[in-house]
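Quick notes on the structure that follows.
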Amino acid sequence: MKTYWKRSVCPYDCPDECGLIMETDGKTVFRVKGDPKHPSAKGFVCRKMNHYEKTIHHPNRILTPLKRIGKKGEGRFEEISWENALTIISNKWKEIIDQYGAEAILPYSYGGNEHTIQNKSGEAFFYKLGASNLERTICSKAKGVGYKQILGDTQGKDPSIMEQSDLIIIWGCNAAATYIHAYQNIIQAKKNGAKIILIETYETPVSKTADEIFLVRPGMDGALALGIAYYMKKHQWLNLDFMKSHVYGWEEFLDTLTDEAAEEFSEDCGINPEQMKHLAQMLSQASHPSILIGSGLSRHRNGAMNVRCIIALQALTGALGDSKGGIIGELSTGYALNRDYASKPEWKQPHTRTINMNQLGDALCDIEPPVRSIYVYNMNPANTAPGQAKVLKGLAREDLFTVVHERFLTDTAKYADIVLPADTSAEHADLATPYGHLILQRSYPVIEPVGQAKSNWDVFRLLAERMGFQENFWKLSCDQLADAIVDHSPQLKQLWTEEEYQRYQEGYGVCLPVESPLTFKTPSGKVELINETLGKKDRIPHYMKLDHGVYPIHLVSAPHVQTLNSTFTERKELTEKRGKMTLKIHPSDALQRNISNGDLVTAYNDHAEVVFLAEVTKKVKQGTAVAEGVFQAVQTYNGLTVNALMSQQLTDYGEASTLNDNRIEIRKTKLG
Ligand SMILES: Nc1nc2c(c(=O)[nH]1)N[C@H]1C(S)=C(S)[C@@H](COP(=O)(O)OP(=O)(O)OC[C@H]3O[C@@H](n4cnc5c(=O)[nH]c(N)nc54)[C@H](O)[C@@H]3O)O[C@H]1N2
Ligand SMILES: Nc1nc2c(c(=O)[nH]1)N[C@H]1C(S)=C(S)[C@@H](COP(=O)(O)OP(=O)(O)OC[C@H]3O[C@@H](n4cnc5c(=O)[nH]c(N)nc54)[C@H](O)[C@@H]3O)O[C@H]1N2
Ligand code: SF4
Ligand SMILES: [Mo]
């Protein structure tokens, strides 16, 4: 058998978007490695993807379209042909459109596949159809808005610059699991002599690299950041030269940091004044400080504001204008590619309603006029959306026509009327625009589709034909669409040399140019410590105190190193290492409730009751409980996961999820 290695790129919702090489004969992928020629992957990928072949050729892959024969949620289906599946879907949709209008159909998707075509082309289809729009904000929109409010469209910094930093604050990012190449940069920085500080809600695997760890009360990072700023002001540990030339509104901002305010900051965030002063001193005395900001801390009702307060610190140190430091963790490369060519925002129909993806439970159970059909792709909301109990209730509606395009029979797919088989990134062409580094990559198919699996784009083309869409756009093959997007992205030729452009076209990862760190793309051309476009209340970064109601313990849901959201939960060798659905509880919180390590406990609030295995550990802060990972129903104790304890509330800006802004009580439990 003749095999060869082919280049590809990881499609998942992960900042690293690693370049890959795959050993194949054109039908089967035998081995997967990090691409040694990819500037960031450098031959190394995570434990999930270094056996991607086990996902691609997993015995549980869905290989044909399926029609439900059991009850919703039960998971009993029969195989049907594509022809039959497309007829059922298009007939049903035409019926719904005639009777209720296209708005009764809701697309539901997120980053299951992050690449341009498989991620964006569905938007074109549903705009054309006139379906309800989906506000896709489950992940880090509040962080993005917080960044934008102070730095506008300023280019985000590549994580590799951290290797030249002498102080790195990892602020709420479990980089050892979620951003592994940035973590390599941090480890290298440490070898170079940098000091590593961790600000977290619990001691994540990153702790082993940290020289000092500060456990903050969840959602209080704004208070902590402003407390640090207060000590920088008090001791004149400020980069006045930088502020005078490049920061708008710094004097007015500093005026808000009073002695009285500082006391409240410390009391609320749980970091004492001495520690705050120490952080301020370290930050201001470093020559090239970096702050790596995760997304979890923005999933609070004050999330965007907290991010803004943290970034403000680097306006005071001047590191925002430094090529060896600043803010890491908010970057996008979408500007280099005309992604709109795939999503066709110009087809969006006026006056169609928009539904926030974080409020799916409400959308399926309460809103008028009702959603009559949902089409799910690139997502698994039964496991990942907040308000799980209500989401499941909605998905169980007999009168809801549900189509799920998936690779595996996920909990969401089990509620489908029709399941369509999705392919993997090895089976189609696409274009990566990462959010964790500045490297663009184009990928070509490595193998033929497995079974009758089809890419998102190919399914939308078939549905377009059935729904009578006439545009030539729908006639393009996946490769032709990839070519067309590149052709309609003239900026690529401006950003790159001819040689770089050629390498990109050949499928290599190629870096975008780095802009001068003093190019601030804001209305004033400066860092906008004060943002005049915001109302009086929010124009200056401030501490947004929240009311937390009656439940005493703050619940944080954190990513797990073995899985990626619910992706990879099909892989037994990974989920076995992950173990049972666990809740980390501080010893004094456990003692108060007579809970011992290894007990089963019920966490509850107004939304649900969820059973976990208790892990009593000093690694979490008192008053906080942490649940790592996304679990399938079969892996739970009572059918529900941590997502059932989460509200559907939205953030201060960006209408994003508040997955980490929930309170619970916990009691010892026995399964009856
Ligand atoms: N292995 C693995 N990799 C992943 C993922 C995964 O599930 N597993 N998920 C992928 C996705 S979709 C994303 S968005 C990224 C996310 O990557 P990260 O940004 O690293 O992950 P987050 O979910 O944001 O959570 C990071 C940390 O935020 C902390 N946190 C929560 N609330 C607060 C707070 O109020 N203050 C502070 N200081 N910390 C807080 C949590 O304790 C957690 O350790 O990772 C991606 N990569
Ligand atoms: N408890 C808890 N909940 C969370 C999080 C958490 O850390 N903890 N993280 C939150 C975050 S940050 C995010 S971004 C969301 C993510 O939530 P989801 O987007 O639901 O993420 P995944 O669970 O990975 O689901 C993606 C699905 O897409 C499918 N898929 C992959 N590629 C393709 C493709 O090409 N085509 C089609 N049709 N399907 C494909 C996969 O098989 C998988 O089932 O979850 C959020 N929910
Ligand atoms: S999941 Fe993340 S770390 Fe793993 S290969 Fe994909 S991009 Fe790289
Ligand atoms: Mo995410």
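The values are calculated or read from the model by the stated rules, or taken from the named source; none is laboratory data. Quick caveat: nothing in here was measured; it's all calculated off a predicted structure. FYI the Cβ positions are ideal-geometry reconstructions off the backbone, even for glycines, and counts take in every protein chain you see. Ligands, DNA and RNA are stripped out before the accessible areas are found, and what is left, the full protein with its side chains, is counted by its heavy atoms. Shrake-Rupley method; radii C 1.70, N 1.55, O 1.52, S 1.80 Å.
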**OP:** Would you mind finding the one in Thr317, Thr354, Thr384 that is farther than 27 Å from Asn91 by Cα, hydroxyl-bearing (Ser, Thr, Tyr) and away from ligand 2 (no atom under 15 Å from the Cβ)?
**Re:** Thr317
**OP:** Count, please, the residues in the stretch 362-402 that happen to be under 23 Å from the mean Cα position of the chain (by Cα) and open to solvent by 20 Å² or more (accessible area, probe 1.4 Å).
**Re:** 6
Original post:
Looking only at strands (runs of 3 or more DSSP E) that fall completely inside the stretch 1-75, which ones have 3 or more residues that are away from ligand 2 (no atom under 16 Å from the Cβ)?
Top reply: 4-9, 19-24, 29-34
Subject >> the stretch 576-590 - residue that is touching a Lys or Arg at 6+ places or on another chain (Cβ under 7 Å) and not in a strand (DSSP E or B) and, of those, farthest from His554 (Cα to Cα) >> reply: Pro587
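So is Glu532 within 16 Å of ligand 1 (Cβ to nearest atom) and assigned to a loop (DSSP other than H, G, I, E, B) or not?
Taking the combined requirement at face value, the residue does not satisfy it.
So, Ala142, is that one away from ligand 2 (no atom under 16 Å from the Cβ), closer than 27 Å to Arg217 by Cα and of a type in the set (Gly, Ala, Ser) or not?
no
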Subject >> All positions within the stretch 246-266 that are open to solvent by 30 Å² or more (accessible area, probe 1.4 Å) and without any contact (Cβ under 8 Å) to a residue 40 or more places away in the chain >> reply: Glu251, Asp255, Thr258, Asp259, Glu260, Glu263
**OP:** Could you list all residues from the stretch 591-620 that are away from ligand 2 (no atom under 16 Å from the Cβ), open to solvent by less than 40 Å² (accessible area, probe 1.4 Å) and in a loop (DSSP other than H, G, I, E, B)?
**Re:** Ile595, Asp599, Thr617
Subject >> Filtered residues of the stretch 181-199 (kept if open to solvent by 20 Å² or more (accessible area, probe 1.4 Å) and either within 23 Å of the chain's Cα centre (by Cα) or within 16 Å of ligand 2 (Cβ to nearest atom) (or both)) >> reply: Gln184
Subject >> When residues of the stretch 164-180 are limited to those that are polar (S, T, N, Q) and away from ligand 4 (no atom under 16 Å from the Cβ), the one most open to solvent (accessible area, probe 1.4 Å) >> reply: Gln164
**OP:** Among the residues of the stretch 448-472, write down those that are over 20 Å from Ile485 (Cα atoms) and either open to solvent by less than 10 Å² (accessible area, probe 1.4 Å) or free of Cβ contacts under 8 Å to residues at least 24 places away in the same chain (or both).
**Re:** Ala453, Leu463, Glu465, Gly468
Original post:
Taking the stretch 186-203 as the region of interest, how many residues are part of a strand (DSSP E or B) and under 17 Å from Arg217 (Cβ atoms)?
Top reply: 4
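With the requirement that a residue be open to solvent by less than 20 Å² (accessible area, probe 1.4 Å) and under 17 Å from Arg339 (Cα atoms), what does the stretch 474-499 give you?
Trp474, Cys478, Leu481, Ala482, Ala484, Ile485, Val486, Ser489, Leu492
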Original post:
What is the residue count in the stretch 217-231 for residues that are surrounded by fewer than 23 Cβ atoms within 10 Å (Cβ to Cβ) and either of a type in the set (A, V, I, L, M) or touching a Phe, Trp or Tyr at 6+ places or on another chain (Cβ under 9 Å) (or both)?
Top reply: 1
**OP:** List every residue pair whose Cβ atoms lie under 7 Å apart, where the two residues are 6 or more positions apart in sequence or sit on different chains, the first residue falls within the stretch 201-222 and is within 28 Å of Lys545 (Cβ to Cβ), and the second residue, located anywhere, is among the β-branched types (Val, Ile, Thr) and assigned to a helix (DSSP H, G or I).
**Re:** Asp221/Ile310
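Say we look at the stretch 129-144 and pick out the residues that are hydroxyl-bearing (Ser, Thr, Tyr) and under 16 Å from the mean Cα position of the chain (by Cα); which of these is farthest from ligand 4 (Cβ to nearest atom)?
Thr137
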Original post:
If we keep just the residues of the stretch 549-570 that are of a type in the set (S, T, N, Q) and in a loop (DSSP other than H, G, I, E, B), which is surrounded by the most Cβ atoms within 10 Å (Cβ to Cβ)?
Top reply: Thr569
Subject >> Residue list for the stretch 96-153, filter: of a type outside the set (D, E, K, R), open to solvent by 10 Å² or more (accessible area, probe 1.4 Å) and not in a helix (DSSP H, G or I) >> reply: Gly101, Tyr110, Gly112, Asn113, Asn133, Leu134, Ile138, Cys139, Ser140, Gly152
**OP:** Return only the number of the condition from (1) farther than 30 Å from Tyr375 by Cβ; (2) assigned to a helix (DSSP H, G or I); (3) within 16 Å of ligand 2 (Cβ to nearest atom) that Ser207 does not satisfy.
**Re:** (3)
Subject >> Condition check for Ser287: at pLDDT 95 or above, small (Gly, Ala, Ser) and part of a loop (DSSP other than H, G, I, E, B) >> reply: yes
